[in-house]
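In what follows, a structure is listed as structure tokens, so that the remarks can point back to it.
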Amino acid sequence: MKIFYERIKRVHDRVMRCYLSLDCTANCSFCSANIPKLSQERKEIWIPAIQWAEGLNRRHRKILLGGGEPLLYPQMTELLRLIAADIPIEIYSNLMPDISAVLASGRGLRWLISLHPAVKDYDKWYGQVERLIAAGHSVRFHVVKKVNWQERADFLKNKGFKVTCCDDQNSYNKSTMTNPGPVWCSTYYYVYGPDGWRYPCVTKMGLGIDKISHISDEDENDEIITQCDMFGSCAGCDNLIEGKVWSE
Ligand code: SF4
Ligand code: SF4
């Protein structure tokens, strides 16, 4: 057996990572989920809030809403009202779309907010942050160290926030190494696409291939093992997946 990549498995975080909408308001060159490369057809897919909520409430695990841009999901108010009140929800957003649908739900969320180069008017954008804080939401910020990242980080620091400055995940080894041919890949995350299907990884979720099980189905295994001929072109996000890649 030849091992190409291995990350020591930590305790499985069991977070439900729901990519509600793969559409986005930005087109970042460094996108670690490969969003700008996806087809328009894939970006327009979404499933009703009631279908998400039934599956999520049955599993009753912490939820992370992401995308693309999750605020573009058309039934956000309904979704937040339908998910059981005792399930913690975090949302990962660029905060460019209007947040009124979230505020209308009356539900407090934790936010991980990216300030990306696509934002041109920082003060207008920051108005949304103020609305969130006034409504009792908790916020934290990050910028990716690309383009004018220092300017964006300084803007937030001057507002009194700590800012995490992240490297471009696409520059990590797993994404850039020469394709070694078919491999076995094991992953442990719960990655659900906008169609409600669970996928082995963010790369395959974006493309809609190698579906595992649907949010409407019964619960599933933690670990997924798949044969894959795409290693070497994995999305940047998949560099962070706990697991192993090997060939026989
Ligand atoms: S805002 Fe986020 S999801 Fe959208 S293109 Fe940029 S990095 Fe990708
Ligand atoms: S594309 Fe997905 S399944 Fe294939 S090697 Fe990369 S992370 Fe593993």
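Quick note: the coordinates plus some simple rules give every number you see, no bench work behind them. On a predicted model such as this, the values are computed, not experimentally measured, just so you know. Neighbour counts are summed over all protein chains in view; Cβ atoms, including those assigned to glycine, are modelled from backbone coordinates with ideal geometry.
Within the same chain, lysines fewer than 8 places from LYS244 are excluded, and of the rest, those with a Cα less than 30 Å from its Cα are LYS2, LYS9, LYS37, LYS43, LYS62, LYS145, LYS146, LYS174, LYS204, LYS211. Projected label points at SER247 and ILE50, each 7 Å from Cα along the beta carbon direction, are separated by 5.0 nanometres.
The angle between the Cα long axis of helix 49-59 and the main principal axis of the chain comes to about 60°, on a 0 to 90 degree scale. Taking other residues whose beta carbon is less than 12 angstrom from the beta carbon of VAL144, and scoring Lys, Arg as +1 and Asp, Glu as -1, yields +1. Considering only C-alpha atoms, what is the centroid distance from segment 33-59 to segment 71-102, in Å? Here the two parts' Cα centres lie 13 Å apart. Shown in residue order for segment 209-223 are the 3J(HN,Hα) couplings computed by the Karplus curve 6.51 cos²θ - 1.76 cosθ + 1.60 at θ = phi - 60°: 10, 6, 5, 9, 7, 9, 4, 7, 7, 5, 4, 10, 5, 5, 8 Hz (x for Gly and Pro). Partner aspartates and glutamates whose Cα lies under 17 Å from the Cα of LYS159, excluding those fewer than 8 positions away in the same chain, are identified as ASP121, ASP123, GLU130, GLU151.
Each residue in HIS116, HIS12 was given a count of other beta-carbon atoms within 10 angstrom of its own, and listing them fewest first yields HIS12, HIS116. Relative contact order of the chain: 26 percent, from C-alpha pairs under 8 Å at least 6 residues apart in sequence. The packing ranking, built from the mean of other Cβ atoms within 10 Å per residue, places the peptides 158-164, 187-193 in the order 187-193, 158-164, highest first. Most simply put, the chain has about 40% antiparallel DSSP beta bridges, counting only bridges with both residues inside it.
Assuming a ≥ b ≥ c are the square roots of the Cα gyration tensor eigenvalues, decide whether the chain counts as rounded (a/c under 1.5), prolate (otherwise, with a/b larger than b/c) or oblate. The shape class here is oblate. Dipole orientation for the chain: of the candidates SER233, SER213, SER93, SER93 has the Cα lying most toward the positive pole (charges on Cβ; Lys, Arg +1; Asp, Glu -1).
Starting from the coordinates of the alpha-carbon atoms of segment 37-164, obtain the Kirkwood hydrodynamic radius over all distinct pairs and give the value in Å to one decimal.
15.7 Å
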